[in-house]
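S.K.: Starting off with a structure, shown below.
The values are calculated or read from the model by the stated rules, or taken from the named source; none is laboratory data. Since this is a predicted model, take the numbers as computed values, not measurements. Methodologically, a virtual Cβ is constructed for each residue, glycine included, from the backbone with ideal geometry; neighbour enumeration extends over all protein chains shown. To get the accessible areas, we keep the full protein, side chains included, count just its heavy atoms, and leave off ligands, DNA and RNA. Shrake-Rupley method; radii C 1.70, N 1.55, O 1.52, S 1.80 Å.
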Protein chains: 2
Amino acid sequence: VGETELTLISEATVARLAAGSVLNVRKPYLVTPSAAELAKKKRIQIKEIAGGTRPAAGEAPQEAPARDELAGRIESTLLDAAATPDQVRALCREAVEVGFAGVCVNPIFVPVAAEALAGSQARVITVCGFPLGANRSEIKAAEARASEAQGAAEIDMVMPVGLLKAGTLVDVKRDVEAVRQALTQAGTVLKAIIEAPLLSDEEKVAACVLAAEAGADYVKSGTGFAGPATTADVALMRQAIGDRVEVKAAGGIRTRAQAEALIAAGASRIGTSSAAAVVSHSQP
Amino acid sequence: VGETELTLISEATVARLAAGSVLNVRKPYLVTPSAAELAKKKRIQIKEIAGGTRPAAGEAPQEAPARDELAGRIESTLLDAAATPDQVRALCREAVEVGFAGVCVNPIFVPVAAEALAGSQARVITVCGFPLGANRSEIKAAEARASEAQGAAEIDMVMPVGLLKAGTLVDVKRDVEAVRQALTQAGTVLKAIIEAPLLSDEEKVAACVLAAEAGADYVKSGTGFAGPATTADVALMRQAIGDRVEVKAAGGIRTRAQAEALIAAGASRIGTSSAAAVVSHSQP
């Protein structure tokens, strides 16, 4: 595993990218014949870049076997308005020590986290249109692109909940597509936050299907601002999208028991502001 | 009552004010002997000013504004993630009927509000970098510019609270400047949200001064996400910036009494999601 993990550039990967863009990939990788053909047609340059170990979307955690398996599924999160650069650095140090999947921070702290996590397995994760999702698609796209350029490997965008409620589903899908298309690197993971606590079950399913169709790699249960993640929501989301995309649970997760229940319900990743407490064994 | 209401400058009024400050008062007023003595000791100048209805910071409520007068100070606000275009239209109709200063909505609804309020006195107000303020200055600038282009007359931006906490005040000022410079139309109002519930008094004053220096027209107490507006915060903000800029109070304002107290403390505008209830006379 790790450095020898093969990155697959499929037709679907290339289909997501904007015409004329550059796809940066790290060795070892494999471009399928149909992907190469589509890339040629869309004038997309597949460019090999040096270094790094960023795994592809949906890949299993890769930390040392001695590490807690749960830690590898956790995104240690700090999205408080009042968070400082020093707090972000401390969170990054802890993430590397414990072996968390990554650190999720606000956009202005992407450079700080990228520097602090350089050379480690922990990924830089940030949010986009957060937490209301009610800003313009082009602003979300610009924000996501800037985050990717500064080192974010994963982007958690908030879907436009009000447009979903209003039933203008084409606009909802286009919003996610706009962000997907703004991302230019092959392995950049896009998560679409559906904000489940505000939705009916029917709306939750619609949001997941739209996000998957628009090219999201993950659907994420919530921002944490509207309510907690539930196992029922995670199970419904997993049912809605099958194995096409992954599920991230987030919102009010503070104990190992909660995290394990959400993983059992179908979540691949856990977002929490209490990451250290969640992996602690000294709790029930 | 009303214009003939006497303003009492008591010892308690003066005790609240900073040494060396100026207390602006309108006729008719009365300064108690002990207040005059304390003012002298604290080098506080009691200055009589003409016209207007805005009382000085820390002053007791002068009068209960008539219904229309209060309505004209209220920004009817709907920033829920799940708000729909129809809900925005209904809010706009109500704002025109009641005579609110304007309607404050999320960026994607600026075109909806602009259409609904066309030809009326009510202004289109929107937010920027809301509610965390922890995204990039250039993204805030782009968002504000897009809102202005689509018809927003006022932009309520969130200042970078974490950078203020970290003490990198130059970056805080530049953030507000970036948004100010992005606005191209004379008359577009910029409000800088300091998020007072997360700040120390010293940080509140620093945020107000930086916002004023960066060209904000208003300082605004909060987003509503971190806690309610308080009269103490509004008085402190007014004291910090004097008459250079205006003060908007927002966060948890649900009654006429609250709104009137905040206006008495120095707020020129009130942001509330309960605008109709606030102007109603059928409450205590």
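Here's the yes/no breakdown for (1) under 20 Å from B:GLU246 (Cα atoms); (2) more than 7 Å from chain A (Cβ to nearest Cβ):
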residue: B:CYS128; (1), (2): yes, yes
residue: B:ALA134; (1), (2): no, no
residue: B:ILE139; (1), (2): no, no
residue: B:ARG145; (1), (2): no, yes
residue: B:GLY151; (1), (2): no, yes
residue: B:ASP156; (1), (2): yes, yes
residue: B:ALA166; (1), (2): no, no
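S.K.: Among residues belonging to segment B:108-126 that are closer than 17 Å to B:MET157 by Cβ and among the aliphatic types (A, V, I, L, M), point out the one that is nearest to the other protein chains (Cβ to nearest Cβ).
M.R.: This residue is B:ILE108.
S.K.: Report the residue count in segment B:83-107 for those that are among the acidic types (Asp, Glu) and within 14 Å of chain A (Cβ to nearest Cβ).
M.R.: 1
S.K.: If you don't mind, there's one more thing I want to ask. Provide a single number: the residues in segment A:69-108 that are of a type in the set (S, T, N, Q), open to solvent by 30 Å² or more (accessible area, probe 1.4 Å) and within 19 Å of the chain's Cα centre (by Cα).
M.R.: So the answer is 0.
S.K.: From the residues in segment B:189-213 that are open to solvent by less than 10 Å² (accessible area, probe 1.4 Å) and within 21 Å of B:ALA142 (Cβ to Cβ), which one is nearest to the other protein chains (Cβ to nearest Cβ)?
M.R.: B:ILE193
For (1) at pLDDT 75 or above; (2) among the β-branched types (Val, Ile, Thr); (3) open to solvent by 60 Å² or more (accessible area, probe 1.4 Å), each residue gets a yes or a no:
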| site | (1), (2), (3) |
| --- | --- |
| B:GLY2 | no, no, no |
| B:SER10 | no, no, no |
| B:ARG16 | yes, no, yes |
| B:VAL25 | yes, yes, no |
| B:THR32 | no, yes, no |
| B:GLU37 | yes, no, yes |
| B:LYS41 | yes, no, yes |
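S.K.: Within segment B:72-87, restricting attention to residues that are touching a residue at least 40 places away in the same chain (Cβ under 8 Å) and of a type in the set (Val, Ile, Thr), which residue is farthest from A:ILE193 (Cα to Cα)?
M.R.: B:ILE74
S.K.: Does segment A:186-198 contain any residue that is in contact with a Leu (Cβ under 6 Å, 6 or more places away or on another chain) and under 25 Å from A:LEU91 (Cβ atoms)? Walk me through it before giving the result.
M.R.: Quick first cut of segment A:186-198, residues in contact with a Leu (Cβ under 6 Å, 6 or more places away or on another chain) only: A:186.
Among the residues that remain, those that are also under 25 Å from A:LEU91 (Cβ atoms) are: none.
Scanning segment A:186-198, I find no residue that is in contact with a Leu (Cβ under 6 Å, 6 or more places away or on another chain) and under 25 Å from A:LEU91 (Cβ atoms), so the answer is no.
S.K.: Can you name every residue in segment B:179-213 that is of a type in the set (Lys, Arg) and assigned to a helix (DSSP H, G or I)?
M.R.: B:ARG180, B:LYS204
S.K.: Continuing with this model, one more query. When residues of segment B:214-244 are filtered for being over 17 Å from B:LEU163 (Cβ atoms), open to solvent by 10 Å² or more (accessible area, probe 1.4 Å) and part of a loop (DSSP other than H, G, I, E, B), how many remain?
M.R.: Looking only at that region, the number is 11.
S.K.: In addition: Out of all the residues in segment A:125-138, which are out of contact with any Pro (no Cβ under 6 Å at 6 or more places or on another chain) and open to solvent by 10 Å² or more (accessible area, probe 1.4 Å)?
M.R.: Listed by number, the residues that qualify are A:PHE130, A:LEU132, A:SER137, A:GLU138.
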